[in-house]
Amino acid sequence: MHPDCQEILFTEDQIAARVKELAAEINDCYKDKPVLLISILKGGFIFLADLCRQLTCDCRVEFMAVSSYGNRTESTGTVRVLHDMATNIEGLDVLLVEDILDSGISMRYIMELLSGRKPASLRLCTIFDKPDRRVQPIHADFCGFQIPDVFVIGYGLDYAEKYRNLPYLGVIKPECI
């Protein structure tokens, strides 16, 4: 365990098993049609890589980057699109692949933005869901784990751009923030 980590919530093996289960659900949902996976950077890239390797459905990958945290532990409430995708999603089945659904502020913004681009369908998949922090009414169509209201690191999630590479999901020590 990393010395800045207070405890491990989910191990690498637990996460891998749940990603495989999520992929089976997604494969069933999109078995007869192609799906465009849109990963929200930076945190979502590790989950996307693991997930798409488990998919057997016809899928393509795109990326977007948004920010509402900066180097803080709570959302500023203002969402900025740092990188938009080039793909026209009109008429496509789209699955947003996110690392964590927290306050819902960023995801609500992204969902509304993409809905305006007229996809055939728009669903959300998150590996971690923190419902106690939700301030916007949004839910994931595919969800890996619900987690408590603690600041987590690892498996793509960071604090000040550190800890993304940890293979587990852990709670950061308060003194490291």
Residue among 126, 56 that alone is in a strand (DSSP E or B) and of a type in the set (S, T, N, Q): 126
So which residues in segment 17-31 are in contact (Cβ under 8 Å) with a residue 24 or more places away in the chain, open to solvent by less than 60 Å² (accessible area, probe 1.4 Å) and under 18 Å from residue 146 (Cβ atoms), if there are any at all? 18, 19, 22
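Going by the conditions given, is residue 88 in a loop (DSSP other than H, G, I, E, B), under 30 Å from residue 31 (Cα atoms) and of a type outside the set (A, V, I, L, M)? First the steps, then the outcome.
Working: in a loop (DSSP other than H, G, I, E, B): yes; under 30 Å from residue 31 (Cα atoms): yes; of a type outside the set (A, V, I, L, M): yes.
Here the answer is yes, as residue 88 does meet what is asked.
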Per the list (1) surrounded by 16 or more Cβ atoms within 10 Å (Cβ to Cβ); (2) more than 13 Å from the chain's Cα centre (by Cα); (3) not in a helix (DSSP H, G or I), residue check on residue 63 breaks on (2)
Whichever residue in segment 108-137 is of a type in the set (Ser, Thr, Tyr) and open to solvent by 40 Å² or more (accessible area, probe 1.4 Å) and, among such residues, is modelled with the highest pLDDT: 115
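Quick check, is residue 168 more than 13 Å from the chain's Cα centre (by Cα) and modelled with pLDDT under 95?
Numbers: more than 13 Å from the chain's Cα centre (by Cα): yes; modelled with pLDDT under 95: no.
No; evaluated as a whole, the condition is false for this residue.
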Residues in segment 21-42 that are out of contact with any strand residue (DSSP E or B) (no Cβ under 8 Å at 6 or more places or on another chain) and over 25 Å from residue 104 (Cα atoms): how many? 5
Looking at segment 138-148 only, could you name the residues that are at pLDDT 95 or above and within 30 Å of residue 176 (Cβ to Cβ)? 140, 143, 144, 145, 146, 147, 148
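Out of segment 152-177, which residues are buried (at least 16 other Cβ atoms within 10 Å of the Cβ) and not in a strand (DSSP E or B)? Can you show your working first?
Filtering segment 152-177 for residues buried (at least 16 other Cβ atoms within 10 Å of the Cβ) gives 152-159, 163-164, 166, 168-172, 176.
Once the filter is applied, which keeps residues that are buried (at least 16 other Cβ atoms within 10 Å of the Cβ) and not in a strand (DSSP E or B), segment 152-177 yields 155, 156, 158, 163, 164, 166, 168, 176.
What's the total number of residues in segment 32-51 that are open to solvent by 20 Å² or more (accessible area, probe 1.4 Å), hydrophobic (A, V, I, L, M, F, W, C) and touching a residue at least 24 places away in the same chain (Cβ under 8 Å)?
3
The values are calculated or read from the model by the stated rules, or taken from the named source; none is laboratory data. None of the values given here were measured: they were computed from a predicted structure. Note: ideal-geometry Cβ built from the backbone for every residue, glycine included; neighbour counts use all protein chains shown. Heavy atoms of the whole protein, side chains included, go into the accessibility calculation; ligands, DNA and RNA do not. Shrake-Rupley method; radii C 1.70, N 1.55, O 1.52, S 1.80 Å.
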